[in-house]
Amino acid sequence: MEFQFKCGRKFFIVVSLLSVLIFVFLLQDYNKNYVDLNVIPELDSPLPPVPSQEWIQREMLRSMEMLDYQYPVSNNWECLQPRHTYFFPQIRAIFTGIPKSGCSNWIEFLLRAEGGLPEKLDPTEVYKIHTTYSEPYRMFQEVKDRANTAEQQEHVFSFAVVRNPWTRLVSGYRDKLSTEVTQGRSFGSLARKIVRKINKIDHISNNTEHPTFNQYLRWIVLQDNLQNDHFTPQHLTLCIPNVKYDYIIPLEFSNFLTPTIIETLKLNTSQSLLGPYNSQSSDPRLQSTTLLAKKWLSEQDPLLIEQLYVIFREDFAMMNYSNFTSPDFPLPLVYEKHNPKT
């Protein structure tokens with residue numbers, strides 16, 4: 001009996017020690033991957049200068065040259081992805097909303113200015129902004145014809161919003177494919193397909209509901225037929241080279257550049273246009289997606305990062321966008337030397 005008691009006590013001690021070691025290991029792993037989004041780090045430098053439209057249009061030209069594009073003599077609203085470009089005849093505006101570049105706020109704002117939304121929108125029907133309410137304004141054949149006719153009669157103001165490809169990639173993952181609960185509508189079916197596809201490559205049979213960030217990036221590199229415009233390069237959504245936009249807003253400087261759009265279109269400034277960086281900090285370098293992007297991307301294989309860069313090369317050139325290793329990430333490197341890669 002005494003022998004059994006001693007053995008049992010030793011076994012209990014060993015199990016207890018193992019449990020403590022496992023707990024410590026898990027805690028370290030958690031701390032390694034955890035980013036406290038409630039703690040705003042301090043930056044040593046102020047925001048760089050806001051880019052002028054002259055500089056922005058010049059950068060757009062560089063990107064188009066990489067694609068071997070040239071602007072036409074006159075605009076023709078023939079878009080590769082017409083569902084993301086909208087013509088609002090009453091306010092005489094054309095807007096291209098690139099997914100994961102703050103387009104939802106702009107579409108709602110422009111619909112309200114056009115009179116295309118009810119005065120009070122039930123919170124349960126917000127999703128209709130991307131369906132029922134916006135459908136009549138999408139640049140499909142009939143709307144495209146009206147837009148081109150209006151353009152011929154008198155120039156229609158056009159604009160678009162673009163974003164650093166790295167933060168856009170992270171935002172797409174967080175909003176559509178991760179376990180995180182966000183205001184967007186997640187792509188549950190697509191998430192499961194991505195997991196199955198990457199697990200098959202890795203010879204893993206235990207499928208989960210959501211891909212890891214690494215699985216998501218590797219799926220992006222595959223460029224398979226599952227991908228949609230939330231994850232593909234931004235220049236494919238823009239209506240270039242068939243048109244030249246009057247105004248382009250880098251999302252990172254939208255708080256500074258948006259008033260020009262409102263003034264140009266003579267819109268009621270009392271209408272709410274919630275900024276894409278509505279959080280504890282107005283500095284895009286301190287936003288949650290930026291902080292997560294810097295951490296998550298720095299943990300990836302350099303070869304994978306290089307493959308992603310090649311896919312989004314023209315998007316980086318669009319605004320001379322900074323890399324996630326830059327202290328000014330995710331801002332455009334305004335007036336600075338271009339990245340040698342671009």
Rounded to whole angstrom, the alpha-carbon centroid of segment 198-236 lies from that of segment 104-149 at a distance of 31 Å
Taking the solvent-accessible surface of protein heavy atoms with a 1.4 Å probe, what is the per residue accessible area of segment 106-199 in Å²?
48 Å²
Rounded, prolate or oblate: which fits segment 182-234 when a ≥ b ≥ c are the square roots of the eigenvalues of the alpha-carbon gyration tensor, with rounded for a/c under 1.5 and prolate only if a/b beats b/c?
oblate
Quick one: how many Å² of LYS244 are accessible to a 1.4 Å probe, rounded to 10?
90 Å²
Which order do you get for HIS210, HIS203 if you rank them by accessible area with a 1.4 Å probe, largest at the top?
HIS203, HIS210
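The values are calculated or read from the model by the stated rules, or taken from the named source; none is laboratory data. Source: prediction; values computed, not measured. When the accessible area is computed, the model is the full protein with side chains, heavy atoms only, and any ligands, DNA or RNA have been set aside. Shrake-Rupley method; radii C 1.70, N 1.55, O 1.52, S 1.80 Å.
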